[in-house]
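See structure below.
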Amino acid sequence: MKFIDTIKNIWKIEELKNRILVTLGLLLVYRFGAQVVLPGVDAAELANLGTQTQDGLLGLLNAFTGGAFANASVFALGIMPYISASIVVQLMGIAIPYLQKLQKEGESGRKKINQITRWLTIAITLVQGPGYIYNLFATLPPGAFVLENQTVFVVSSVIILTTGCIFAMWLGEKITDKGIGNGISLLIMVGIIATLPQSFVQNFISRTSGDGGDIIMVLIELVIWFVIILASVLLVMAVRQIPVQYARRTASGGYEKNVFGSRQYIPLKLNASGVMPIIFAQAIMFIPAAVAGLSDSETSQGIAAAFSDIFGFWYNLVFALLIIVFTYFYTAITVPTNKMADDLKRSGGFIPGIRPGSETAEYLDKIMSQITLPGSIFLALVAIFPAVAVKLLNVQQGWALFFGGTSLLIMVGVAIDTVQQVNSYLLNRHYDGLMKTGKNRKAVA
């Protein structure tokens, strides 16, 4: 079978094999840490915390952390503080000249921005940590806390939670540098996958219990789930090809007039920003409920309730709008149309009917705007489909999170990105890739 042969080829490439083993090892460390309960908390008394995180916004946060939130784990905050810090830094990069300057400095500027993001992550964790600890006090029975000195427990737990978040961030960066795929995204994906089997089993039991059960509905749900996965794959991989022609070079290094080489294409993706708009929007959606919950007024409590219901109308409306906005924002900062136009001009290339230079950049901007709009709307519709599954199909909430939404899109997007990286290693060594058909070719040293 071709798939088995491809796996064998992966194992023949020493660098790729080592990177995959490093990735799996670091992911295993992360999953192990998600099961380590905070010192001073009795693991046998966590039933109430598990009930609190079965659905709603906390249920989604628990899914992102792979159950670490409900386990009162040292990784209870997961990698979300780092995601929040990244969002803040990127948004500030629009308005703060210093950050704009760093963005233009290449690798050195990127390192400085990463350092700023790390420090901001620590600051966010020091704010979220006490909130999580006091939620434990409000949720768990007094017997769940072993340490009698409450101050010592709070201070030590906040330090441990902060350290756990920074360690998770370090694991993600090491996976990116030494492993395969984007480390931060892989940590989120693994956490989500960890909750999938339990969610499906709970939904299956709920559907089939009682007189005769409803096994047909379970099968219908699985069909819809696979259709949504296919739609998500198409969304992530769809591209529009822009034709480009190149003038032939002369012996002196110039270009022959009116003589052009073969036509090539610029692939502009329908969803150039990947899953980042989903992650950004999801991080922002935690804020309204948290801020409104600080007040006891009737209006604030109503806002908190509306934005705590991840299957409610107002939550999904705001969520969808944020996804559309962030898709445009992230596309604008990741697709350098001006640089693409300059590179084409320097290499003697041009888009037929468009002048090289600024007009080419404007044309590419126009095309990106045209394809980003339907792409962002489609992305938003897939993201809010879990609410449709709950309201119309009566799917259990835990399993509904995988009917599109943040969970499924992250899994699909990260999986495709990782497979493409593996694919590039295979093709560079003259093997057929995971996404290419045909016979294997002999590798060259």
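The values are calculated or read from the model by the stated rules, or taken from the named source; none is laboratory data. Note that the structure is predicted; figures quoted are calculated from it, not measured. Reconstructed Cβ throughout: ideal geometry from the backbone, glycine too, with neighbour counts over all protein chains shown. The protein model used for the area step is the full one, side chains on, heavy atoms only, and it has no ligands, DNA or RNA in it. Shrake-Rupley method; radii C 1.70, N 1.55, O 1.52, S 1.80 Å.
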Select from segment 314-335 the residues that are at pLDDT 80 or above, of a type in the set (A, V, I, L, M, F, W, C) and open to solvent by 50 Å² or more (accessible area, probe 1.4 Å) and list them in ascending order. TRP314, LEU317, LEU321, VAL325, ALA332
Could you run through segment 336-356 and say how many residues are closer than 28 Å to GLN282 by Cα and surrounded by fewer than 13 Cβ atoms within 10 Å (Cβ to Cβ)? 0
Could you tell me which of the residues VAL152, VAL201, VAL146, VAL158 is open to solvent by less than 40 Å² (accessible area, probe 1.4 Å) and over 22 Å from MET276 (Cβ atoms)? VAL158
Being within 18 Å of GLN35 (Cα to Cα) and out of contact with any Cys (no Cβ under 9 Å at 6 or more places or on another chain): is that true of GLY164 here? yes
Flag for ILE175 being in contact (Cβ under 8 Å) with a residue 40 or more places away in the chain, open to solvent by less than 40 Å² (accessible area, probe 1.4 Å) and assigned to a helix (DSSP H, G or I): yes
Which helices (runs of 4 or more DSSP H) sit wholly inside segment 367-430 and have at least 1 residues that are under 22 Å from the mean Cα position of the chain (by Cα), on the phi > 0 side of the Ramachandran plot and crowded, with 22+ Cβ neighbours inside 10 Å? 405-428
Within segment 153-185, how many residues turn out to be touching a Ser or Thr at 6+ places or on another chain (Cβ under 7 Å) and under 20 Å from LEU21 (Cβ atoms)? 6
Could you look through segment 240-276, keep only residues that are under 15 Å from ASP417 (Cβ atoms) and modelled with pLDDT of 75 or more, and pick out the one that is most open to solvent (accessible area, probe 1.4 Å)? LYS269
Filtered residues of segment 29-50 (kept if within 12 Å of LEU187 (Cα to Cα) and touching a Leu at 6+ places or on another chain (Cβ under 6 Å)): TYR30
Can you tell me which residue is surrounded by the fewest Cβ atoms within 10 Å (Cβ to Cβ) among those in segment 281-313 that are β-branched (Val, Ile, Thr) and in a helix (DSSP H, G or I)? THR299
In segment 1-18, the residues that are basic (Lys, Arg) and either open to solvent by 60 Å² or more (accessible area, probe 1.4 Å) or under 21 Å from SER156 (Cα atoms) (or both): LYS2, LYS8, LYS12
